[in-house]
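The values are calculated or read from the model by the stated rules, or taken from the named source; none is laboratory data. Computed from a predicted model, the values in this text were never measured in an experiment. For neighbour counting, all protein chains shown are included, and Cβ atoms are generated from backbone atoms with ideal geometry for every residue, glycine included. Keep in mind that these areas ignore ligands, DNA and RNA; they rest on the heavy atoms of the full protein, side chains included. Shrake-Rupley method; radii C 1.70, N 1.55, O 1.52, S 1.80 Å.
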Amino acid sequence: MKARRHEGGRSATAGGETYVFRLFVAGNDSNSTQARENLARLCEEHLKGRHEIKTVDVLKDAETARKHHVLVTPTLILIKPHPKVTVLGNLGDTRQVLLALRLTGDGR
Amino acid sequence: MATPTRRAQHRDVAGLPKRRKEIPKVPTGIAGLDEVLRGGLPAGRMTLLNGGAGSGKSLMGLQCLLHGVGAGEPGILVLFEERAAAVRQNAWSLGWDLASLERDNRLYLMDARLNPEVVISGDFSIKGLLAILDQQVKAMRARRIVIDAVDTLLHLYDSPMRERHELYALHEWLLDRGLTTIMTVKTVPQEEAPSRYAFLDFMADCVIHVDQRVTAQVATRRLRVIKYRGSGYGRNEYPFIISENGINVIPITSNVLQHRPPGPKVSSGQARLDDILAGGYKRGTSILIVGTAGAGKTTLACVFAQAACLRGERVLYLNFEESPESMVSNMLSPGLALQPLIKTGRLVVQSYLPEAMGVEEHLFHALKALDVVQPQHVVVDAISACQRMGSEHAAFDYLMRVLNACKERGITCIYLNQATGLDIVAEISGIGFSIIDTVILLRHLPIDGAMKRQLVVMKSRGSKHSEQFHEFQITDRGIDLVKA
């Protein structure tokens with residue numbers, strides 16, 4: 001269950017590089033709650049001990065949403081490692097999210 | 001309860017008090033459109049503006065938004081498709097400085113384009129957008145909002161039910177904030193998606209459809225109000241154009257005739273013709289000069305124009321046959337000096353190629369010229385060329401509306417018409433004989449081995465004119481008329 005293998009010789013994320021996320025939610029609506037849970041589970045399974053999640057509630061902090069051009073919720077932004085990745089939705093499709101975050105590996 | 005009978009008079013069948021009240025409206029600032037909408041858009045509600053690519057809906061939205069800004073109603077423009085920078089640049093070409101309004105916090109352009117590289121995983125909503133907008137509306141006390149290309153947002157959803165749900169959420173939010181909203185949406189040809197956004201029509205309080213079509217190789221723009229809850233509206237299709245100052249909806253052909261009564265007589269510029277007409281033309285009436293090519297129609301009109309200008313009046317000459325320069329030079333031969341009159345601004349000659357634009361654009365230029373020049377007399381040379389504006393119907397439309405505009409303003413209107421066949425009289429009736437007050441016929445006749453020109457007044461409403469044929473000679477000192 002570790003993200004070690006990469007296609008196309010992409011830079012290795014192995015060796016414990018920390019994943020920095022920003023998750024934009026809208027209060028506790030169902031999509032937002034699901035996104036929080038899905039992200040937490042995914043980090044637990046694939047990035048244990050090397051992730052950092054900052055959650056932004058757009059209902060309370062519209063300014064940050066504007067800064068990051070977040071129009072829909074939930075929005076997950078992978079800040080680090082580069083390049084930046086944006087995933088919209090409640091992150092229900094784990095396989096797709098892993099693919100987007102370049103975390104596909106032996107976990108499929 | 002004391003006077004039940006009297007009260008009953010004020011109640012309708014349902015027992016409700018009868019109090020007819022128009023809903024509150026805000027003007028769009030687009031003159032003709034406000035007329036069609038009987039005052040403007042529904043205040044605090046949503047108007048849907050739909051149309052194909054390039055139909056002018058985004059511009060219409062922006063123009064209305066800016067009118068609001070000018071009237072003290074700050075506005076927000078949400079762009080789902082276009083870049084804010086491009087919108088600013090396009091607005092500049094119409095002389096609208098968006099950036100300065102943005103600096104004053106009276107206008108806000110929100111770039112709401114989504115990064116095409118985003119990955120979608122699972123359901124989502126537009127709450128982020130609403131949160132940002134909410135903050136913005138409060139900060140600038142916005143009163144109007146234009147949501148441009150909302151279909152682009154809807155495309156994110158792959159389920160029609162979700163599309164609908166999000167739109168309702170957006171609509172509710174807009175209503176709660178009391179924002180006067182214009183939402184533009186691209187329509188696709190009916191066959192492709194018959195009812196994809198049909199629900200939008202139901203949701204909106206006012207629906208306006210705009211389109212651009214090509215008839216006889218001339219493009220024309222039209223708009224039509226499909227519905228307007230709580231208000232009456234003009235139910236026809238109305239032509240509009242995009243000119244250097246934005247959208248112009250052509251004022252509606254008035255169904256109420258507000259023509260001014262004919263004024264006193266005014267000289268035709270030729271003493272003998274004045275006698276024939278029992279004193280000349282009547283001011284503010286319509287005169288048709290019809291004849292074969294080369295019969296002297298333009299000369300007759302120019303003799304009149306010159307005399308009017310020399311009296312200190314202004315004449316607008318709309319020429320569809322030749323350029324001002326060529327007209328000036330051709331009129332030197334019968335001894336007419338038009339150039340000095342043009343220089344003083346008393347004679348204004350505007351030449352247009354009929355097929356260069358659609359009938360509404362021609363109409364726009366003509367009506368604008370009436371406003372700018374403020375002429376006492378107008379000449380249209382020649383109405384036969386107007387068919388090249390697209391169709392016979394288009395030409396008729398143009399001529400009727402120019403004529404109406406002249407009659408409403410008390411302007412004398414001289415139409416020249418080139419007849420092609422020998423049976424000239426039959427052709428006259430084709431353009432609406434009854435609305436013309438005076439008809440002068442010019443014709444060529446072979447007499448004594450030579451072609452002679454003849455003139456006869458066929459009709460002159462409300463005056464005793466000569467019914468004699470007169471020989472009509474064009475000399476190097478103008479026109480001579482002798483009894484034939």
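Annotations
- Residue match in the range A:57-75 (condition: outside any helix (DSSP H, G or I), within 13 Å of chain B (Cβ to nearest Cβ) and either touching a His at 6+ places or on another chain (Cβ under 7 Å) or farther than 30 Å from B:Val78 by Cβ (or both)): no
- Restricting the first member to the range B:109-134 and to residues that are within 7 Å of another protein chain (Cβ to nearest Cβ), and the second to residues that are surrounded by 18 or more Cβ atoms within 10 Å (Cβ to Cβ) and basic (Lys, Arg), the beta-carbon pairs closer than 7 Å and six or more apart or on different chains are B:Ile132/A:Arg66.
- B:Gly51 at pLDDT 95 or above and touching a Lys or Arg at 6+ places or on another chain (Cβ under 8 Å): no
- Each residue in the range B:359-417 was checked for being in a helix (DSSP H, G or I) and not charged (D, E, K, R), and 29 of them qualify.
- Boolean, B:Asp158 is more than 30 Å from B:Asn245 (Cβ to Cβ), within 14 Å of another protein chain (Cβ to nearest Cβ) and over 30 Å from the mean Cα position of the chain (by Cα): yes
- Counting only helices (runs of 4 or more DSSP H) that sit wholly inside the range B:123-208, those with at least 3 residues that are at pLDDT 85 or above and of a type in the set (Asp, Glu) are B:160-177.
- For the range B:19-28, the set of residues classified as buried (at least 19 other Cβ atoms within 10 Å of the Cβ) and part of a loop (DSSP other than H, G, I, E, B) consists of B:Thr28 only.
- In the range B:92-107 there is no residue that is of a type in the set (Gly, Ala, Ser) and crowded, with 21+ Cβ neighbours inside 10 Å.
- Members of the range A:17-58 found to be among the aliphatic types (A, V, I, L, M), over 10 Å from the mean Cα position of the chain (by Cα) and open to solvent by 10 Å² or more (accessible area, probe 1.4 Å), listed by number: A:Val56
Residues are listed down the side, and each one gets a yes or a no for (1) in a helix (DSSP H, G or I); (2) farther than 30 Å from B:Gln468 by Cβ; (3) open to solvent by less than 10 Å² (accessible area, probe 1.4 Å):
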| site | (1), (2), (3) |
| --- | --- |
| B:Pro262 | no, no, no |
| B:Asp274 | yes, no, no |
| B:Gly279 | no, no, no |
| B:Leu288 | no, no, yes |
| B:Ala295 | no, no, yes |
| B:Gln306 | yes, no, no |
| B:Cys309 | yes, no, yes |
| B:Gly312 | no, yes, no |
| B:Leu316 | no, yes, yes |
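- Subset of the range B:335-350 (residues that are among the polar types (S, T, N, Q) and more than 19 Å from the chain's Cα centre (by Cα)): B:Gln339, B:Thr344
Conditions tested, residue by residue: (1) open to solvent by 10 Å² or more (accessible area, probe 1.4 Å); (2) assigned by TED's automatic domain parsing to the domain that holds B:Leu59; (3) closer than 20 Å to A:Gly27 by Cα.
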site	(1), (2), (3)
B:Glu117	yes, yes, no
B:Phe124	no, yes, yes
B:Gly128	no, yes, yes
B:Gln135	yes, yes, yes
B:Ile145	no, yes, no
B:Leu154	no, yes, no
B:Asp158	yes, yes, no
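- Note on the range B:135-147: among residues that are touching a Pro at 6+ places or on another chain (Cβ under 7 Å) and not hydrophobic (A, V, I, L, M, F, W, C), the one that is farthest from the other protein chains (Cβ to nearest Cβ) is B:Arg143.
- Taking residues in the range B:315-327 that are outside the structural domain of B:Phe304 (by TED's automatic domain parsing), and partners anywhere that are open to solvent by 10 Å² or more (accessible area, probe 1.4 Å), not one pair has Cβ atoms closer than 9 Å while being at least 6 places apart or on different chains.
- Within the range A:2-37, being outside any loop (DSSP other than H, G, I, E, B), at pLDDT 70 or above and not hydroxyl-bearing (Ser, Thr, Tyr) holds for A:Val20, A:Phe21, A:Arg22, A:Leu23, A:Phe24, A:Val25, A:Asn31, A:Gln34, A:Ala35, A:Arg36, A:Glu37.
- Checking each residue in the range B:329-356 for being of a type in the set (A, V, I, L, M), part of a helix (DSSP H, G or I) and surrounded by fewer than 20 Cβ atoms within 10 Å (Cβ to Cβ) picks out B:Ile342, B:Ala356.
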